[in-house]
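Participant: Take a look at this one; I'll ask things after.
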Amino acid sequence: MESNQPTSDKQNLARDHERLQSQYTEIASLAGGLAHEIRNPLSTMALNLDLLLEDLSAGDSPRERRMLQKVTVLRKQCVHLERLLNDFLQFARVGSLEKQPADLNVLVCEFIEFYQPQAKDQGIEISPHLAANLPLVDIDVRLFLQVLTNLSRNAQQAMPRGGVLELQTYFRNGQVMLDIIDTGEGMSRETQEKMFDAFYSTKPDGSGLGLPTVRKIVEAHRGSILCDSEPGRGTRFSISLPTAARS
């Protein structure tokens, strides 16, 4: 008599996946509604602060200069809140993927072409090392471009005086691998232990959602991400992804 255990396990996994997808959808919907309620008054505040800045910039009295300084601080906080709101929305909406078989090398090359001018302006040299004949991966291109953007931004902030950003692809143990390596300041062990925690940031103006969003996207692709870093010796993020079914 044959056991139906494998079929039962697959059905349980499918139900768990469906339940998680439903939860992700509900959270994303709630986040969108909350963001709308916050964004409208925030935009009104920012607009009025811009008008105040315009009026006060023509003043010369000590009182007007003090007011100008205070309004400038408030306007910067509005910008910070808007950035935090956008990052939170991005974090909350990860979960529903539109995956398709894709060549990771092509995606990396497209990102490099987009990011190259900004990297050059910051004194960063991009060094790609892409393996030939990589298997395809099932990937949500839009979301994975966000992974590359967030990790490159993280590397850029770690190299304020410029440096080298290396992107490597290779195939290992049945997984398609992507390494993003910088020659920046590196991270302490304490920072590495907390860096994927939501809202944890070592930067004064950071939202603390960039790296948690990266991990959430990677794990939604059934992949994993590891970090190897040391103060003064740069950082390496290693992402592993399963191959596409038709590979």
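Participant: Dipole size in debye (nearest 20) for the range 100-242 around its Cα centre, Lys and Arg Cβ +1, Asp and Glu Cβ -1? Mind showing how you got there, number by number?
Facilitator: Details: 13 positive and 18 negative charges, 36 e Å.
Its charge dipole is roughly 180 debye.
Participant: Efficiency by 1/(1 + (r/R0)^6): what FRET value for S57 and T149, r their Cβ-Cβ distance, R0 = 35 Å, to the nearest 0.05?
Facilitator: 0.55
Participant: Take each of the peptides 161-172, 120-131, 135-146, average the number of other beta-carbon atoms within 10 Å over its residues, and list them starting from the highest. Let's see the in-between values first.
Facilitator: Numbers: 161-172: 16.5, 120-131: 13.9, 135-146: 18.6.
Final packing ranking: 135-146, 161-172, 120-131.
Participant: Please find the FRET efficiency linking T191 to H129, where r is the Cβ-Cβ separation and R0 is fixed at 35 Å, and quote it to the nearest 0.05.
Facilitator: My answer for the efficiency is 0.85.
We did not get these values from a lab; they are worked out from the coordinates using the rules stated. As the structure is a computational prediction, the values presented were derived from the model and not from experiment. Virtual Cβ from ideal backbone geometry, glycine too; neighbours counted across all protein chains shown.
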